[in-house]
Amino acid sequence: MRVAVFGLGYAGTVSAACLASADHDVWGVDVDEEKVKVVAAGSSPVVEPGLDELVRTVVDAGRLHATTDSVEALDGADMAIICVGTPSTAHGRVDLSQVERAAREVADASERAAPPASGVRSVVMRSTVPVGTVDDVIAPILATVQPRGWRFGVAMCPEFLRESSGIADFFDPPFVVIGTSDGETAAALADLFAFLGREVRVVGTREAEALKYVCNAFHATKVSFTNELARLMRSQGVDSRTVMDLFCEDTRLNLSDRYLRPGFAFGGSCLPKDLRALLHAARTHNVDLPLMSGALQSNELTVSDVVDRTIATHGRDIALIGLSFKPETDDLRESPNVELAETLLGKGFRLRIYDPIVNPARLVGANRTYVESKLPHLCRLLADSAKEALADVDVAIVSSTDRDAIEALLENPPPVLIDLSGRLSREVETVPGYVGIGW
């Protein structure tokens, strides 16, 4: 495949060299003549282990070229990959000027370059860009060109290259993600990366754009999480290296996909209590834990968001399907569902509750004490079945995945259905009025 890579910085040079090593005919394009001369001479313009050798090999083999001439690079090219810089402004906004300039270069040069033999020139964003960039910035620029006998396709294909291990990361990526609604562009990209031997995941452009930010935000969070707790442990005479070595051995919960699915707030007898205990210990030792403090605040905002969305429906009769903090348990201690019910009642909503597990007569100890303090009239609010709870309501707020509850929702769907779990059946997601808490 003939490919033009716009931008010979870190991501562009690594991508161009690695694609050329897989027998693609790659043309690197940059406005910086010095970078172009360096690559054309068989060297890398950026420092990266093994990259000089790889560039030299593919340039000598005639599979990697470098030019400042976009028309030359795009002549007959099937694909244009944009790998230019996306720096931050002083206020944190992403500066897309280089992206826009590259897109205009592709558009303008495509009017003079030979068309792609396939009939589709795929313009692929590889740089990290805000959600909506491909649809709202790239596509409109390309739309100013009216090609004859061929067309543009657009896609987002995020890179996951770490400096100092970029080549290894390119050939062994965590996933290959293609964000596009264009079938021919998706097929072309799958062909481009076929040599990696990885399953290709095709999603929407916006999901692909968001993915890179989510990954980097999580990496940053992990660093801050570890160092924040290390500050506290040091003040308590604890060797944080030993603790974190043990922490990382747990791949069932700690280093896993657990707790990483969008849903409702956390609750129960452990997480809120232990987080507050950590924060109290930090105050005692004069240690700031802003990330941990933020976790509690963020949890409260999750509940508030559902309250606000319920208010926005203008309905007054609400069914709450699921009351315990986790399905298949009757533990109501610090359940966010209980907090949600208490808040809705306080705002004057008429509330009916159904939980397939919770039986007030069987609640004992701290569990009973907690719910009595929050919902002293729980018995009057509880319905005997999901069908009874859903009768003539305006809004159903659902966290339970009980099969009887799902069947009742399908049999008598409410005008608005707010899914708190993200684990209801696909049938329920097709019901008119269905909305997810974060999707």
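The values are calculated or read from the model by the stated rules, or taken from the named source; none is laboratory data. Computed from a prediction, not measured in an experiment: that's the story for all the values here. Please note: Cβ atoms are built from the backbone with ideal geometry, for glycine as well, and neighbour counts cover all protein chains shown. Just so you know, the surface numbers come from the protein's heavy atoms only, side chains and all, with ligands and any DNA or RNA stripped out. Shrake-Rupley method; radii C 1.70, N 1.55, O 1.52, S 1.80 Å.
Below are the figures for this structure:
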read-out	value
Residue list for the range 164-190, filter: in contact (Cβ under 8 Å) with a residue 12 or more places away in the chain and among the small types (Gly, Ala, Ser)	Ser164, Ser165, Gly166, Gly179, Ser181, Ala186, Ala188, Ala190
Matching residues in the range 345-396 - criterion: being surrounded by 16 or more Cβ atoms within 10 Å (Cβ to Cβ) and among the hydroxyl-bearing types (Ser, Thr, Tyr)	Tyr354, Tyr370
Tabulated pairs, the range 221-233, first in contact (Cβ under 8 Å) with a residue 60 or more places away in the chain, second surrounded by 14 or more Cβ atoms within 10 Å (Cβ to Cβ) and of a type in the set (S, T, N, Q), C-beta under 8 angstrom, 6+ apart or interchain	Leu229/Ser240
Among the candidates Thr89, Thr13, Thr57, Thr68, residue that is without any contact (Cβ under 8 Å) to a residue 40 or more places away in the chain and within 24 Å of Ser165 (Cβ to Cβ)	Thr57
Residue within the range 250-264 that is open to solvent by 60 Å² or more (accessible area, probe 1.4 Å), out of contact with any Leu (no Cβ under 7 Å at 6 or more places or on another chain) and in a helix (DSSP H, G or I) present	no
The range 41-57 - residue that is more than 35 Å from the chain's Cα centre (by Cα) and of a type outside the set (D, E, K, R) and, of those, least open to solvent (accessible area, probe 1.4 Å)	Gly42
Every residue from the range 17-40 that is open to solvent by less than 80 Å² (accessible area, probe 1.4 Å), hydrophobic (A, V, I, L, M, F, W, C) and closer than 22 Å to Asp69 by Cβ	Ala17, Leu19, Ala20, Val26, Trp27, Val29, Val36, Val38, Val39, Ala40
Top-ranked residue in the range 182-216 [being closer than 15 Å to Glu159 by Cα and of a type in the set (Gly, Ala, Ser); ranked as surrounded by the fewest Cβ atoms within 10 Å (Cβ to Cβ)]	Ala190
Test: residue in the range 171-178 that is out of contact with any strand residue (DSSP E or B) (no Cβ under 7 Å at 6 or more places or on another chain), under 30 Å from Thr57 (Cα atoms) and surrounded by 15 or more Cβ atoms within 10 Å (Cβ to Cβ)	yes
Positions within the range 420-439 being without any contact (Cβ under 8 Å) to a residue 40 or more places away in the chain, part of a loop (DSSP other than H, G, I, E, B) and surrounded by 18 or more Cβ atoms within 10 Å (Cβ to Cβ), in sequence order	Leu424
